[in-house]
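S.K.: I'd like to ask some things about the structure below.
The values are calculated or read from the model by the stated rules, or taken from the named source; none is laboratory data. Since the model is a prediction, treat every value here as computed from it, not as a measurement. Note: ideal-geometry Cβ built from the backbone for every residue, glycine included; neighbour counts use all protein chains shown.
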Amino acid sequence: MREAFLQHGGELMGAVLQGDDNQKFKGGTFITDVKDSDYDYVRSMYRTIGIESFGSFVE
């Protein structure tokens, strides 16, 4: 997956930008050097509302 975004990010973003609703992503890029720990702040926010398991969406 990471290689696809690295090698074809421009093409993929071009596909995302099809249609008026997605123009908000214009100028966007795909970040490919993301680590699991980069999401720790999100997990912290979920823990604040009492969510300890991250295997499904909050309902």
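S.K.: Output the number of the condition that Gly50 fails; it satisfies all remaining conditions of (1) surrounded by 10 or more Cβ atoms within 10 Å (Cβ to Cβ); (2) modelled with pLDDT under 95.
M.R.: Of (1) surrounded by 10 or more Cβ atoms within 10 Å (Cβ to Cβ); (2) modelled with pLDDT under 95, only one is false for Gly50: (1).
S.K.: Here is a follow-up. Could you please give the count of residues in region 1-48 that are in contact with a helix residue (DSSP H, G or I) (Cβ under 8 Å, 6 or more places away or on another chain) and of a type in the set (A, V, I, L, M)? Show your work before the answer.
M.R.: First, pick out the residues of region 1-48 that are in contact with a helix residue (DSSP H, G or I) (Cβ under 8 Å, 6 or more places away or on another chain): 4-5, 12-13, 16-17, 22, 25, 28-30, 32.
Now drop any that are not of a type in the set (A, V, I, L, M), which leaves 4, 12-13, 16-17.
Result for region 1-48: 5.
S.K.: Next question, about the same structure. Quick one: in region 3-30, which of the residues that are surrounded by 10 or more Cβ atoms within 10 Å (Cβ to Cβ) and in a loop (DSSP other than H, G, I, E, B) is nearest to the chain's Cα centre (by Cα)?
M.R.: Phe30
S.K.: Further question: Search region 13-33 for residues that are closer than 16 Å to Met1 by Cα and pair each with any residue that is part of a loop (DSSP other than H, G, I, E, B) and among the charged types (D, E, K, R) when their beta-carbon atoms are under 9 Å apart and the residues are at least 6 apart or on different chains.
M.R.: Met13/Lys26
S.K.: Given Tyr39, Tyr46, which one is part of a helix (DSSP H, G or I) and under 14 Å from the mean Cα position of the chain (by Cα)?
M.R.: Details: Tyr46 fails: under 14 Å from the mean Cα position of the chain (by Cα).
Criteria check complete, one pass: Tyr39.
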